[in-house]
Amino acid sequence: MESGQRWRRLASPWEVVIGMEVHVQPRTRSKMFCGCAIGNLGDPPNSNVCEVCLGLPGVLPTINKAAVEACLKTALALNCEIPRHTKFDRKNYMYPDLPKGYQISQYDLPMSVNGSLEVDGRRVRIRRVHLEEDTGKLVHAGDKLHKAWESFVDLNRAGVPLMEIVSEPDLRSADEARDYAIGLRTLLRTIGASEADMEKGQLRAEPNISIRRAGTEELGVKTELKNINSFRALHRAILYEVTRQSEVLEAGGTVVQETRGWSEAEQRTFSQRSKEFAEDYRYFPEPDLPPLQLDLAWIDDLRRALPELPGARRARLVSEYGLPAADAVQIAADRELADLFEGAVGSGAGPKPVANWIIGDVAPTGKFPTPEHLAEVVKLVTAGSITRDQGREVLMESVETGRSPSQIVAEHGFAQVSDESALEAEVRAVMDANPRAVEDYRAGKKQAIGALMADLKKRAPQANPKVASELLLRLLG
């Protein structure tokens, strides 16, 4: 299949089957098995490393309690079972970005099992949530003209904690897979387990995709997709891969179990390597780390400390505040937005106007006012004291300066004029200055009112548009 946006709707004989492996960087200050700082993407190569990161002989790892706590909180939020005993294992393979020659992960006794996540009314089963460490990064550089190539290893990421969240193959489309990943990100941010920012590499979604004859139970041969750095790319990569697999099978070929990368530039998947099986990694218990016996009282404390989860909050925003379901979905998707909404309503503003302002004006900017300031702006606009445009300006200035909206309105002289007697002279002046528009309106060309209102806005920018429009219509007869 050619590169580019080449995908099609799958024909009815086929059914798509998708399971998701999502790697999430928990919110911790240090790495999984040492005290090195997590660092940032722009840090100099190999600047956040130590003997443990480098895999030097004789060093011993120690378990990061904060990473364990983040993993347990995630598991509890996903309704997982938490076993009393868990352990770490060595996953053995040789690769240049893995200096020890093995990765510390979990195999047969993961930190949690058998959970679920509700996505748009559909229950997606969670097989396991476990902890492991990240690998380093290979950087390739070269000169095509002289065919001189070099590869470098940056171990800043080596040892960074990762939660791996593995779903069962319950997803049946690219839409469902994307929505699952978005729902998972919302959950992680709500409970504070991770920032889950895909652009920063804090969440990596790796779908396992196969297709099978509709109505059959046997799973097809799967491919795993890598190099996906956005929800949009996840959706497109799955669409492409499903189309590719169906074309291979319909041509009489065989799908190969392999790992495939996603090329954002070419909008296609490409083969990377054959897909390994668990036995290829020769797992065995990590001898340098003791098995963990999880304290049940600690787990109960973590469960009680969980905030209201997105699904429950969504339902409550509808039932308690009367929001449309679509508004509730957008607001509950971000804990900060939901807190802002409830705070502003608690300060006396109407639920639906507040929702409109949050969705239309706050969320797109990423700049959050205090609930009290948002409520004050909403009430000023609703009462007709200032226009909607003025409200936006006041809101942004209150975010930047911290001053109250009423102070800003007074300083700028934004207060609207709603007194008809004060506006009548301005309205009559507009009519006198635009006799052709007045004549056209009275002749039945109702669109002529637009030109009159535009001129009125220039002459009297503080005029209440609703009051001024009603007055103008009345004077026009």
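The values are calculated or read from the model by the stated rules, or taken from the named source; none is laboratory data. In this text, all values refer to a predicted model and were calculated from it rather than measured experimentally. So basically every Cβ, Gly included, is an ideal-geometry build from the backbone, and we count neighbours across all protein chains shown. When the accessible area is computed, the model is the full protein with side chains, heavy atoms only, and any ligands, DNA or RNA have been set aside. Shrake-Rupley method; radii C 1.70, N 1.55, O 1.52, S 1.80 Å.
Output yes when any residue across the range 452-463 is within 18 Å of LEU340 (Cα to Cα) and part of a helix (DSSP H, G or I), and no when none is. Lay out the reasoning, then the answer.
Within the range 452-463, the first condition is being within 18 Å of LEU340 (Cα to Cα), and the residues that meet it are none.
Within the range 452-463 (the criterion being within 18 Å of LEU340 (Cα to Cα) and part of a helix (DSSP H, G or I)), the answer is no, since none of the residues qualifies.
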GLY444 loosely packed, with under 12 Cβ neighbours inside 10 Å, of a type outside the set (A, V, I, L, M, F, W, C) and assigned to a helix (DSSP H, G or I)
no
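Out of the residues in the range 298-324 that are hydrophobic (A, V, I, L, M, F, W, C) and part of a loop (DSSP other than H, G, I, E, B), which is surrounded by the fewest Cβ atoms within 10 Å (Cβ to Cβ)? Show your work before the answer.
Taking the range 298-324 first, the residues hydrophobic (A, V, I, L, M, F, W, C) are 298-299, 302, 305-306, 309, 312, 315, 317-318, 323.
Going one step further and asking which of them are part of a loop (DSSP other than H, G, I, E, B), we end up with 306, 309, 323.
Details: LEU306: 13, LEU309: 17, LEU323: 23.
This residue is LEU306.
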Filter the range 250-297 for residues that are touching a residue at least 40 places away in the same chain (Cβ under 8 Å) and assigned to a strand (DSSP E or B); which is most open to solvent (accessible area, probe 1.4 Å)?
GLN293
Which one of these does THR186 not meet: (1) among the hydroxyl-bearing types (Ser, Thr, Tyr); (2) closer than 16 Å to ASP134 by Cβ; (3) assigned to a helix (DSSP H, G or I)?
(2)
Per-region count, the range 366-411, residues of a type outside the set (D, E, K, R), open to solvent by 70 Å² or more (accessible area, probe 1.4 Å) and either in contact (Cβ under 8 Å) with a residue 12 or more places away in the chain or not in a helix (DSSP H, G or I) (or both):
2
So the check is Cβ under 7 Å with 6+ separation or different chains; which pairs have a first residue in the range 27-51 that's of a type in the set (Ser, Thr, Tyr) and a second one that's outside any loop (DSSP other than H, G, I, E, B) and open to solvent by 30 Å² or more (accessible area, probe 1.4 Å)?
THR28/ALA66; SER30/ALA37
Which count do you get for residues in the range 39-96 that are farther than 16 Å from ILE165 by Cα, outside any loop (DSSP other than H, G, I, E, B) and out of contact with any Leu (no Cβ under 7 Å at 6 or more places or on another chain)?
8
Within the range 459-469, which residues are more than 42 Å from the chain's Cα centre (by Cα) and either at pLDDT 85 or above or open to solvent by less than 20 Å² (accessible area, probe 1.4 Å) (or both)?
ALA460, ALA468
Could you list, in sequence order, the residues of the range 339-365 that are hydroxyl-bearing (Ser, Thr, Tyr) and open to solvent by 50 Å² or more (accessible area, probe 1.4 Å)?
THR365
Every residue from the range 412-426 that is assigned to a helix (DSSP H, G or I) and out of contact with any Asp or Glu (no Cβ under 9 Å at 6 or more places or on another chain):
SER421, ALA422, LEU423, GLU424, ALA425, GLU426
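Look at ARG204 and say whether it is out of contact with any Lys or Arg (no Cβ under 7 Å at 6 or more places or on another chain) and open to solvent by 10 Å² or more (accessible area, probe 1.4 Å).
Values: out of contact with any Lys or Arg (no Cβ under 7 Å at 6 or more places or on another chain): yes; open to solvent by 10 Å² or more (accessible area, probe 1.4 Å): yes.
Taking the combined requirement at face value, the residue satisfies it.
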Test: residue in the range 212-222 that is under 24 Å from GLN25 (Cα atoms), open to solvent by less than 30 Å² (accessible area, probe 1.4 Å) and touching a strand residue (DSSP E or B) at 6+ places or on another chain (Cβ under 8 Å):
no
Hits in the range 244-270 - residues which are over 15 Å from LYS226 (Cβ atoms) and hydrophobic (A, V, I, L, M, F, W, C)
VAL248, LEU249, ALA251, VAL255, VAL256, ALA265
Can ARG185 be described as open to solvent by 10 Å² or more (accessible area, probe 1.4 Å), under 12 Å from the mean Cα position of the chain (by Cα) and without any contact (Cβ under 8 Å) to a residue 24 or more places away in the chain?
yes
